[in-house]
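Working notes, beginning with the structure itself.
Just so it is clear, none of the values below were taken in a lab; they were calculated from the coordinates. Quantities reported herein were computed from a predicted structural model and do not represent experimental measurements. Backbone-built Cβ (ideal geometry, glycine too); neighbour counts: all protein chains shown.
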Amino acid sequence: MIAERLRQLRREKSQSKRDLVAQLPLNYSTYANYESGFREPNSDVLQLLANHFGVSIDYLLGVSNNRKKADEIAILNDEEHDHISKYRQLDAHGREVVDILLEKEFERVNFMNARTVELQKQADEQWIKLQVFQQRASAGLGNYLSDDSDSDVELMKFVATPISEKADFCVRIKGDSMEPKICDGDIVFVKAIPKVDPDNVGVFIYDGEAYCKRLRVDHKKGTIMLESLNKSYAPKHITAPDNLRTVGLVIGIAE
């Protein structure tokens with residue numbers, strides 16, 4: 001529930017994960033893990049995030065659907081106190097007029113809120129669902145694109161865009177070897193194809209290990225490498241090309 005509400009609140013503010021962490025004392029991978037559900041924030045971070053989004057901690061935890069903080073509910077501001085004081089001084093006719101107007105306004109606001117919910121529902125229909133696989137070393141990596149249930153696979157919603165609609169599935173990246181373009185915890189859109197052209201980033205399996213790397217081919221030297229964008233990582237030399245399997249082409253990063 002925390003992960004779902006964090007994604008919802010961030011998108012309501014039209015922020016990417018990078019925009020959000022730039023405003024908070026959190027690193028990118030830590031926050032990305034909160035949204036993915038891999039980690040849960042401690043009490044201090046919960047308070048930090050609640051303050052950032054202007055909601056209660058109970059709302060973040062899914063304990064309550066009321067976004068307001070307890071102090072916002074219990075304490076009236078000066079203007080509200082003034083309204084109540086004036087209302088109590090009205091005669092029966094005055095209170096009846098105020099009650100009628102208040103009820104009409106209450107109905108109008110409820111109607112507008114219901115309309116907003118309906119528009120949001122229509123907007124939600126513009127989302128697509130894709131399987132998200134974990135990038136990690138495992139024999140189970142052979143079941144990319146399979147329908148087998150697996151604890152390393154989750155179904156997630158993404159905004160329908162020209163890029164996301166071309167994707168066949170997604171992969172959640174583990175590690176910083178593709179920074180600065182792709183960060184730890186990022187989800188990449190993958191188009192399932194049997195071959196990736198050289199100099200493109202793809203998802204590959206080599207000797208049971210999953211890699212999100214850029215494919216480098218030197219035809220003169222007859223060498224094949226999987227190259228990291230992070231220069232602190234040495235390229236992976238493919239000494240047994242028959243053991244290299246292309247899973248697909250990385251076509252974008254989910255925000």
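Listed by chain and number, the lysines whose alpha-carbon sits under 29 Å from that of LYS13, ignoring those within fewer than 8 places in the same chain, are LYS68, LYS69, LYS121, LYS129, LYS157, LYS166, LYS174, LYS181.
Peptides 243-249, 182-188, 86-92 ranked from most to least packed give 182-188, 243-249, 86-92, packing being the mean of other C-beta atoms within 10 angstrom over each peptide's residues.
Taking the centroid of alpha carbons for each part, the range 1-56 and the range 176-255 are 30 Å apart.
Charging the Cβ of each Asp and Glu at -1 and of each Lys and Arg at +1, and nothing else, the dipole of the chain about its Cα centre rounds to 1080 debye. Here the 3J(HN,Hα) profile of the range 175-192, calculated from phi with Karplus coefficients 6.51, -1.76 and 1.60 at θ = phi - 60°, is x, 10, 5, 10, 6, x, 6, 10, 9, 4, x, 5, 10, 10, 7, 10, 9, 6 Hz, Gly and Pro shown as x. Its alpha carbons considered, the chain gives a radius of gyration followed by a Dmax of 25.5, 96 Å.
If the segment from LEU102 to ARG18 were pulled out straight at 0.36 nm per residue, it would be longer than the present Cα-Cα gap by 25.9 nm. Close amide H contacts of GLY248 (hydrogens built in the peptide plane, cut-off under 5 Å, sequence separation of 5 or more or a different chain): ILE193, VAL203.
Toward the positive end of the charge dipole of the chain, with +1 on the Cβ of Lys and Arg and -1 on the Cβ of Asp and Glu, the farthest Cα among ASN33, ALA114, VAL217 is that of VAL217.
FRET efficiency for the ARG7 to LYS181 pair, using the beta carbon distance and R₀ = 22 Å, is estimated at 0.50. Relative to the longest principal axis of the Cα atoms of the chain, helix 2-12 runs at roughly 80 degrees.
For the pair LYS220 and ALA160, a Förster radius of 51 Å applied to the C-beta separation gives a FRET efficiency near 0.70, rounded to the nearest 0.05.
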